[in-house]
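The values are calculated or read from the model by the stated rules, or taken from the named source; none is laboratory data. Since the model is a prediction, treat every value here as computed from it, not as a measurement. So basically every Cβ, Gly included, is an ideal-geometry build from the backbone, and we count neighbours across all protein chains shown. Surface accessibility is based on the protein's heavy atoms, side chains included, excluding ligands, DNA and RNA. Shrake-Rupley method; radii C 1.70, N 1.55, O 1.52, S 1.80 Å.
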Amino acid sequence: MTPFLSNKHDQTSWADYMASCAQVARNPGLQRFYAAGVPDPQTPIGEVPLVALDLETTGLDAVRHGIVSVGALPFTLERIPLAQSQYWVVQPRQPLSEESITFHHITHSEIEIAPDLGDILAELLEVLAGSLVVVHYRNIERPFLNRATRTRMGENLLFPMIDTMQLEARVHRKRRWAWLKRLSGRPSASLRLAESRERYHLPFYTGHHALLDALATAELFQAQIARHYSPQTPISDLWC
């Protein structure tokens, strides 16, 4: 039975949760992943290994739609070693729609020879183990990964993430001036990845490619830390 994690995500809950999952996980890959644990919540973000993760999916509902590609890129606040990147095209369990092909530029022929996500999950878990995962909008990565793992391994996959969209929302959606802006009828700042990057004068990348979006997320996080936080910021102020 998967251990319970409080919605409060207090400073000890993630470490306790990962340790508990390591004790009860049946799949060897999940056991190793959970056993790697997470750093102490007070660890400065500049001292923590990071992995930018992006999933491209056939839709937004983790129950009805599936993962079609995965990009993972280990990095630090100082550098992004592209040679360590990983990219997989995988077969979604639902048919690939023409809309999805147009959106992601992944064709039927690529899908036909691609592995099932279950065939690359162990490799993906190895890439993520022991690092803090950075995503842009965790409401895609978290439920889709958990659903995929549960349907293939019969177990849940849940771990802390740093969400660059959430960090951007702290700046642009929760300040008093942002409230006044909405009150006056002016549009709120977009939290989408491309528009968020533009505010930090980062280059434009074509979206909806899992590896490019992982790179874009890593660069955005580096910029957010440099402008709004510091390498000494404890990870408990950033993860969720």
Subset of region 127-178 that is small (G, A, S) and assigned to a helix (DSSP H, G or I) - its residue that is modelled with the lowest pLDDT
A178
Could you list, in sequence order, the residues of region 59-96 that are without any contact (Cβ under 8 Å) to a residue 12 or more places away in the chain and outside any loop (DSSP other than H, G, I, E, B)?
A83, Q84
For region 29-47, how many residues are over 13 Å from P234 (Cα atoms), outside any helix (DSSP H, G or I) and charged (D, E, K, R)?
0
Restrict the check to region 224-231 and report whether at least one residue is at pLDDT 95 or above, charged (D, E, K, R) and exposed (fewer than 14 other Cβ atoms within 10 Å of the Cβ).
yes
Checked against (1) modelled with pLDDT under 95; (2) open to solvent by less than 40 Å² (accessible area, probe 1.4 Å); (3) of a type in the set (D, E, K, R), D213 satisfies every condition except (1)
Which of the residues that make up region 43-69 are open to solvent by 20 Å² or more (accessible area, probe 1.4 Å), in contact with a strand residue (DSSP E or B) (Cβ under 8 Å, 6 or more places away or on another chain) and over 24 Å from F221 (Cβ atoms)?
T58, H65
Of (1) within 15 Å of D213 (Cβ to Cβ); (2) part of a loop (DSSP other than H, G, I, E, B), E56 satisfies all except one. Which?
(2)
Pull out all pairs, ordered by first then second residue, where Cβ-Cβ is under 6 Å, the residues are six or more apart or on different chains, the first lies in region 189-208 and is under 16 Å from D54 (Cβ atoms) and open to solvent by 60 Å² or more (accessible area, probe 1.4 Å), and the second is at pLDDT 95 or above and not basic (K, R).
Y205/L212; Y205/A216
